[in-house]
Amino acid sequence: MTLDKFRPYVSRFLDPFVRGFDRVGMTPDGVSVLAFGMAVLAAVAFLLGGRADPIWYVVAATLVFLNGWLDIVDGALAREQEVASAGGDLLDHVLDRYADIVVIGGLAAGVEDYLLGFLAVTGVVMTSYLGTQAQAVGLDRVYGGLVGRADRLAIIGIVGFLAYPIPGEYGGLTLVGWLLVFLATVGHLTALQRFAYAWSALD
């Protein structure tokens, strides 16, 4: 299950955004930074959703979807401007990892469950690490597994929208708490799945 494989099919929807950013002189690196900014704002909104007013969860979900969309646009813009580079790829991946960390940090801080937050963020980081570490040892970069980044952002966004009309606890946890459980579980399982794939491919 990974939405990353559907990226080629959304390319035609990117054209207006790519042309718009190109027209105003935005660079792919600038779009990557803008995407990270959306993640930081989403983290703050998740924090406010848990501690102030649940309506902030809707704001957070919208910002998460914007982060994901811009993460697709930056690559398309790089190809359009013919400036794709290893440096741009590095910046994009570094900012993506920090975006993952701050968003999950915001989720955990909002429900004040830092152990679940720790387990979730380590699962997410290890998933991404195993994807690129496979490339470091001579294999192709691994994007597969139970849940990729696109899946994760989609799930976080959907739960964010649902957390506003469905408050309260279920089995001792809020909807956001259960989201952290999910992210922790599938994150580590996906990391192990990618490790097993890379290990077998090296034989």
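The values are calculated or read from the model by the stated rules, or taken from the named source; none is laboratory data. This structure is a prediction, so every number in the text was calculated from the model and none was measured. Backbone-built Cβ (ideal geometry, glycine too); neighbour counts: all protein chains shown. In case anyone asks, the SASA skips ligands and DNA or RNA and just uses the protein heavy atoms, side chains included. Shrake-Rupley method; radii C 1.70, N 1.55, O 1.52, S 1.80 Å.
Taking all protein chains in place and a 1.4 Å probe, what share, in percent, of the accessible surface of region 1-123 do carbon and sulfur account for?
On the way: 4390 of 6440 Å².
Taking all protein chains in place, region 1-123 shows 68 percent carbon and sulfur surface.
How much length is gained if the chain between E82 and L173 is pulled fully straight, taking 0.36 nm per residue apart and subtracting their Cα-Cα distance, in nm to one decimal?
On the way: separation 91, 0.36 × 91 = 32.76 nm, distance 4.79 nm.
Result for the pair: 28.0 nm of gain on full extension.
What is the distance, in nm, between label points placed 7 Å from the Cα along the Cα-to-Cβ direction at W69 and at V125?
Label-label distance for W69 and V125, simple model: 3.0 nm.
Taking a quarter of the surface of the Cα convex hull of region 51-203, what do you get in nm²? Could the numbers behind the result be given before it?
On the way: hull surface 39.2 nm².
Approximately 9.8 nm², given one-decimal rounding.
Mind checking which of F65, F118, F13 has the largest fluctuation in a GNM of the chain, springs on alpha carbons under 10 Å?
Looking only at F65, F118, F13, the largest GNM fluctuation is found for F13.
Please compute the per residue accessible area over region 98-203 with all protein chains in place, 1.4 Å probe, rounded to a whole number of Å². Working shown, then result.
Numbers: 5150 Å² over 106 residues.
Accessible area per residue: 49 Å².
Please check which bits of region 68-86 a label hung off D22 would reach, taking the label as a point 7 Å along Cα-to-C-beta and the cut-off as backbone N under 20 Å.
Output list for this probe position: 69-86.
Pop the C-beta distance of A196 and H93 into the FRET formula with R0 = 30 Å and round what comes out to the nearest 0.05.
Values: r = 22 Å, r/R0 = 0.75.
The pair A196/H93 has a calculated efficiency of 0.85.
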